[in-house]
Amino acid sequence: MGITAETLDQLQGEPGWLRERRESALSAYGRLPLPSKTDEEWRRTDVSRLDPSQFSRLEHLDGQKLVLPEALPEGVILEPLRVAAERHRDLIEPRLFSLVHADRDRFTALHAALFTGGTFLYVPDGVVIDKPIIGQHFSHESGTGVLPHTLIVAGKGAKFHYLDEYIAEHDDETGYRSGSTEIFLGEGAQVGYVAVQKWGRNVWHFSDQRAELQKDSTLRLFNVTLGGSFSKTRVEASLVGEGSNAELKAIYFASGDQFFDFHTLQDHRVGNTRSDLLFKGALQDVSRTVYAGLIKIAKHAARSDAYQANRNLVLSDKAKATSIPMLEIDNNDVRCTHGATVGPVDPEHLFYLRSRGIPEPTAKRMLIQGFFGDVLDRIPFEHARRLVEAELESRIG
Amino acid sequence: MATQPKIEVGSDYKEKYGFFVPEDYVFKAKRGLNPEIVKEISFMKGEPEWMTKFRLRSLEIFRKKPMPNWGADLSVIDFENIFYYLRASEKQSKSWEDLPPDIKATYDRLGVPEAERKFLAGVSAQYESEVVYHSLQENLTKKGVIFLDTDSALREHPDLFKEYFGTVIPPADNKFSALNSAVWSGGSFIYVPKGVHVEVPLQAYFRINAENMGQFERTLIICDEDSYVHYIEGCTAPIYTTDSLHSAVVEIIVKKNARCRYTTIQNWSTNVFNLVTKRAMAYQDATMEWVDGNLGSQITMKYPSVYLMEPGAKGDVLSIAFAGKGQHQDAGGKMIHVAPNTTSTITSKSISKAGGRTSYRGHIKIYPGANNCKSFVKCDALLLDDESRSDTYPYNDVDAENVTLGHEATVSKVSDEQLFYLMSRGIPRAEAETMIVNGFIEPFTKELPLEYAVELNRLIQLEMEGSVG
C-alpha cells in the first residue's frame, strides 16, 4: 500500500482548508526526491532503507492524552490540533507549517500531509500558567505511522511551561514516528518547552522543532532523545525581535545500534539577541550520533551573543560520534564561541575514583551522571527534570 | 581573465641550460588547453616519455572532473582563456612603470630593496642573493641534500623523481591537482638524506633564476629517515602578477622519525585565484608542520593536509588568513589519521576587514582501526568592521576507538576594553587597533624567521591603515 489520497481518507472530519493543505503537502512528498548522500545534511544519515509507505496505516487519530493543570486561566485554548483547526481557524491557518515548512524535504512533507494527533495551545497576552501542561503521545501498535504535531502560540508577556512526551507502549515496536513542534513567542513571552522522545527502539523517527522569538521573549527549550533505531531531530530558533533569548539544550543517550542525528540552527536575524546551545550525549555499544549545528548572524544583527557546544562521551570502543559545529557571522559586533568534543571517559577521573575504593562500574556511572549534571540543571521545570533524571538513571544503570 | 600573464614559467632556458630556441621557431603561447599544448610543453622541456603521458592522462582527468560545488565561487574562471605556457621574450615587454601604483607604494613602505622589488614584480628574474645561494648550495651538496627546481630535478635525478612524483597527490585527487599535473612547471625539489639536519631554512628565493613563483608550480619534498628540513615559500611583499589563476601542488614525504616544516607566506595581488593542493605523508614518529599565511589574492582555497600513515606520526597546521575588500580566503587544514596513536592540531586565525570574507574549512578524519588518536582544532576569527564576514565549517569523521577530538572557535571584534586600555595610555586608535591585531596573530608570527615576522607585522600595519589595495 503506497501513500496516496486514500491514506488521507483515514483523517476524516477535518475542515476543507486543512484537507487542501494536506493534499498539497502530499504532492510535495511525491515530488521531492529522497535525500541522497551528496546532500551535506544527509551525508552521514542513511535513509535509503526507509520506505514510509509500509507504515501508511495511521494510528492515534484522536490526539493525545493531555495532563492539565486543574483549571486553565481564562482565554487559554488547549485542544487537539485537528479539533482546533475547525474552531480556531483564524489562529491556526496562518501559523501551521509556517515555521516547519512542508516542502523542506520529503519527510517534512510527509509530516504535513499525514500529521495525526497533536496539540494546539494558545495562551493570550499577559496570562501566566504556573503548573506545566503535559501532552503525552502514545503509540500502541507495531507497523503504524504516528505523527503528532504541536502548535504553541504565546501572547505578549505570556508565561508557561509545556512538556511533550512521546511514549511507546512496546519498546520493540516498528513504525514511522514524527513529532514536530512550532512555537511562536510574542513580545516578552517566556516559554519553557521540553520534548522527551521515548519511542520504541526499532522505529524511524523524524522531528522538527522550530521557534520564532519576538522582542524580549525568552525560550528555554530542552530536548531529550532516547528512542528509535533511527532518529533525526532538527532544533531551530529564529531570533526576529531585539532582546530575544533562546536557550537550546539537549541530552541524548544512544545504545545498541541506535543512530541519532541532530541539526541545529541559531538564526540571529536582528541585533541584541542571545542564544545559548548545549547538546550533550553519551554513546554505548555500536551506536552512532551526528551533530551538525550552525550559528548564523545576519548583517545587521549587531551586539548579538551566541554560544554553541556539543559534547560527546563515547563509552564504548565501537560507538561513533560525529560533531560539526559551524558558524556564519556577518557582523563584527558580536560574541560567538562554539566548541565540540568527542572522547571517552577521562582515565584520570576514573583512576581518581577507583583509588578511593569505588568499583569501576560505579565510578563510570558517577562520571556519566556528572557529565550530564550541568545540562540537567537547565531543564526549565521541576516535573520534567524529575522525569528526565529517572529516565536517564534507568538507562545508565 | 583575459589579461596577459607576465610572470612566466620556463622562460630562461637559454641562459640556464644553454638550451637554445631558435628565433624563428616561435612557440606561440596559445590560449586554452588541449593535448597539443600539453605535448608542446613537455617537448619544450625535453621530458621523458612517461611524464608526457602523465600530463596527457592528467588533462583527461581535468576535463572529466566537475568544478567543486562548495567553498568559494569559482564560476568566473575561464580555463580556455588562460596561457598555460609562455616563452622568455614575452616577459621582457613588462617594465617597472607598468606596475600598479599601490603595489609600488607597498614595496616602498615595506622597504624592499630595488632589485628585490623588480624580482617580485616579475620585471626581473635576477636577485642579488646569488652569492649566498652558491655557498649554501655547496654546503648542501656536501651533505647529499638535493635542492633544485622541479624541472631540473626531473632531468638530473630521474629515478628518485619518478619514485615519488604524484604519489602523494595523484592527478585524480581534485580538478585543480589534475590541471597542475597536466601543465606544471617550476617549483622546488628537495631531497634530504637519512640523518641529515638542514640547519638553514631553505627558501625558494635562493634558487635564483629558476621559476619560483610559477602559475602551476609543483613542489616535491622527501625527508628521509631521521632528517630535518625547513622550507620557506613565498614572501610577505605582494607578488604582482597578471596571471589570474595560481594552482600549485605540493607533495611532501616525511619518513620515519623525520621532521619537516613548510612555511608559506603568500601575498598575491588581489586579482589572483589561488587554488592550491598541499599534502604531506607522515610515517612512523615523523612530524609534519604546515605554517601557512594567506594575505593576498581574490579567492584562496587551500587546505594543507597531513596523512598520518604510521603510529606516532604528528601533524600540525598553523594558519592565518587576512581578507580585505573583495577577498575571500577559504582556508583551513585536513588531518587524516590512518594509523593508531597519531596526533594532530590545527590552529587557524583569521582577520576580515572592509567586506572581506574568511572561512575556516577543515576536515579531521579518523579511519577505522586508527585507535587512540588525539586531534584538536582551534579557530579564532577577528572581524574588524560590520561589513565583513567569517565562517567556520569543521568536518569531523571519527571511525576509530578511544579517540579524543576537540574543536573550539571564537568570533569577535577588537574588544572595546582592549582599545580603551591602549588609548588611555595615549596611543592613537589606529595604532592601538594594529597592535591588537598583531597580538592576535602573534602565535603565527613567532613561528616565522625573524625577517619574515618583521615584514608581516609591517604589512599588517599597512593593511590596517587601508593604504594598501
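What number results when the radius of gyration of the stretch A:345-397, computed over Cα atoms, is divided by 2.2 N^0.38 Å?
Working: Rg = 12.8 Å, N = 53, 2.2 N^0.38 = 9.9 Å.
My calculation over the Cα atoms of the stretch A:345-397 gives 1.29.
Can you grab the distance from the C-alpha centre of the stretch A:83-112 to the C-alpha centre of the stretch A:308-360, Å, no decimals?
37 Å
Treating the stretch B:246-303 as a set of equal point scatterers at the Cα positions, no solvent, please give the Debye-formula log₁₀ I(q)/I(0) at q = 0.13, 0.18, 0.22, 0.25 Å⁻¹.
For the requested q values the scattering log ratios are -0.38, -0.64, -0.82, -0.95.
Two-decimal Rg/Rh of chain A from alpha-carbon positions, Kirkwood Rh?
Numbers: Rg = 20.7 Å, Rh = 21.5 Å.
Across chain A, the Cα-based Rg/Rh ratio is 0.96.
Run through the stretch A:167-231 and list the GluC sites (Glu not before Pro) located in a DSSP loop whose Cβ has at most 14 other Cβ atoms within 10 Å. Could the numbers behind the result be given before it?
On the way: sites: A:Glu169, A:Glu173, A:Glu182, A:Glu187, A:Glu212; in loops: A:Glu169, A:Glu173, A:Glu187.
The qualifying sites are A:Glu169.
Hey, what's the Kirkwood Rh for the stretch B:323-398 if you take every pair of different alpha carbons, in angstrom? Could the numbers behind the result be given before it?
Numbers: mean 1/r = 0.0753 Å⁻¹.
For the stretch B:323-398, inverting the mean 1/r across all distinct Cα pairs yields 13.3 Å.
For B:Trp268, B:Trp70, what's the fewest-to-most ordering of other Cβ within 10 Å of each Cβ? Write down the numbers at each step before the final one.
On the way: B:Trp268 22, B:Trp70 9.
Final ranking by Cβ density, sparse to dense: B:Trp70, B:Trp268.
Of the residues A:Ala84, A:Ala237, A:Ala189, which exhibits the maximal mean-square fluctuation in a Gaussian network model of chain A defined by a 10 Å Cα contact cut-off?
A:Ala84
Can you tell me the relative contact order of chain A? Whole percent, Cα pairs under 8 Å, sequence separation 6 or more.
Values: 1041 pairs, mean separation 38.9, N = 397.
Result for chain A is 10 percent.
For the stretch A:1-156, compute the orientation-averaged projected area of the C-alpha convex hull (one quarter of its surface), in nm². Intermediate results must be reported in sequence, preceding the final value.
Details: hull surface 43.1 nm².
Across all orientations, the stretch A:1-156 yields a mean hull projection of 10.8 nm².
What spacing in nm lies between the two simple spin-label points modelled at B:Ala430 and A:Asp171, each 7 Å away from Cα in the Cβ direction?
My value for the distance between the label points is 7.0 nm.
Any idea what diffusion coefficient the stretch B:411-469 gets from Stokes-Einstein, in µm²/s, Kirkwood Rh on alpha carbon pairs, 10 °C, 1.306 mPa s?
On the way: Rh = 12.2 Å.
In µm²/s, the coefficient is 130.
Do any trypsin sites (Lys or Arg not before Pro) in the stretch B:388-441 lie in a DSSP loop with no more than 12 other beta carbon atoms within 10 Å, and if so, which?
When the trypsin sites (Lys or Arg not before Pro) of the stretch B:388-441 are filtered for loop state and at most 12 Cβ neighbours within 10 Å, B:Arg425 remain.
So if each residue of separation counts as 0.36 nm, and I subtract the Cα-Cα distance between A:Leu50 and A:Gln369, what length gain in nm does that give? Spell out each step's value before the answer.
Working: separation 319, 0.36 × 319 = 114.84 nm, distance 3.45 nm.
Extra length from A:Leu50 to A:Gln369 when fully extended: 111.4 nm.
What translational D, rounded to a whole number of µm²/s, comes out for the stretch B:353-469 from Stokes-Einstein when the hydrodynamic radius is the Kirkwood one over Cα pairs, at 37 °C and 0.692 mPa s? Don't jump to the answer; show the numbers that get you there.
On the way: Rh = 16.8 Å.
Rounded to a whole number, D works out at 196 µm²/s.
How many angstrom separate the Cα center of the stretch A:204-253 from the Cα center of the stretch B:274-343?
35 Å
At q = 0.11, 0.26 Å⁻¹, what log₁₀ I(q)/I(0) does the stretch A:273-354 have when each alpha carbon counts as one equal point scatterer in the Debye sum?
-0.40, -1.14
Arranged from highest to lowest average of other beta-carbon atoms within 10 Å per residue, in what order do the peptides B:455-461, A:260-266, A:389-395, B:322-328 appear?
Values: B:455-461: 20.1, A:260-266: 23.3, A:389-395: 13.6, B:322-328: 21.7.
Packing order, densest peptide first, comes out as A:260-266, B:322-328, B:455-461, A:389-395.
Would you kindly state how much longer the chain becomes between A:Glu74 and A:Asp103 on full extension, computed as 0.36 nm times their sequence separation minus their alpha carbon distance, in nm to one decimal?
Working: separation 29, 0.36 × 29 = 10.44 nm, distance 3.64 nm.
Full-extension gain reported as 6.8 nm.
DSSP beta bridges in chain A, what fraction antiparallel, as a percent rounded to 5? Don't skip to the answer; put the middle values down first.
Numbers: 7 of 136 bridges.
Bridges in chain A that DSSP calls antiparallel: roughly 5 percent.
Please identify the GluC sites (Glu not before Pro) of the stretch A:11-114 that satisfy two criteria: DSSP loop assignment and at most 16 other Cβ atoms within 10 Å. Which are they? Write down the numbers at each step before the final one.
Working: sites: A:Glu20, A:Glu23, A:Glu40, A:Glu41, A:Glu59, A:Glu70, A:Glu74, A:Glu86; in loops: A:Glu59, A:Glu70, A:Glu74.
Those that pass, being in a loop and sparsely packed, are A:Glu70, A:Glu74.
Peptide B:375-388: average number of partner chain Cβ atoms within 10 Å per residue? Mind showing how you got there, number by number?
Numbers: counts 1, 1, 2, 1, 2, 1, 4, 1, 8, 1, 3, 9, 4, 4.
Neighbouring Cβ atoms belonging to other protein chains average 3 per residue here.
Give or take rounding to whole Å, what are the principal axis extents of the alpha carbon atoms in the protein assembly as shown, in descending order?
97, 62, 55
Each value in this text was obtained by applying a stated rule to the coordinates, not by laboratory testing. No experiment lies behind these values; they were computed from the predicted model shown. FYI the Cβ positions are ideal-geometry reconstructions off the backbone, even for glycines, and counts take in every protein chain you see.
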